[in-house]
Amino acid sequence: MGLIRFMGALFGGGRNVIAETAQVFRPNAEAADAREASFQQAALAQMAAEFGHGGGWWGQFIDGLNRLPRPMMAFGCIFLFWSAMADPLWFAERMTGLALVPEPLWVLMGAIVAFYFGAREMQKFRGVSMQKETARIIAQAPQVAQNIARLRALRHDSPGVADPGPDAEVALVSTEPGDNPALDDWRRSA
């Protein structure tokens, strides 16, 4: 009879003293799953309230604009790699032109991109005054223009691209037939 009273006290009245005591040391898995489901439903409801509303054509337009920079940067980088292989001279002209961009502008562009992608660090301004940087660029501009002109002269469709110029030795060497076994075989068979 004593055992029945002890078990009734332990498990009676809709309670389970052992389970209640165990929950102090280990959370109830079913209750934890219910809390997690409730948390996920609240997060989804918040996201639906933020992004699910119509917002009109203006809101949709702005949302579309906000989604453009990442793919444009990714596809732009892929395009640069492709253009470097497809048309190296076009690519070299553009990269030579980028040499004229002042360093503070590169720092600003890097800060904008870093901020857009969520980075918290920003590069400190290096203390180079804009006037010094402008003077450097102005001094460098004629060399850049000359380099671009040289690159354009290398195009296959430039007039006189194969002209050896006033160097008579180069002209004579370029017109002398060289050793070419394939041409020799072809001449013998003809």
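Can you run down the residue pairs with Cβ atoms below 8 Å, 6 or more apart or on separate chains, where the first is in the stretch 59-71 and over 13 Å from Y116 (Cα atoms) and the partner is among the aromatic types (F, W, Y)?
Cβ pairs passing all conditions: D63/F51.
Within the stretch 62-82, work out how many residues are part of a helix (DSSP H, G or I) and of a type in the set (D, E, K, R).
Number of matching residues: 2.
Rule-based calculations on the coordinates, nothing more; no lab input. Not measured: the values here are computed from a predicted model. Positions of Cβ are backbone-derived with ideal geometry, glycine not excepted, and every protein chain shown enters the neighbour counts.
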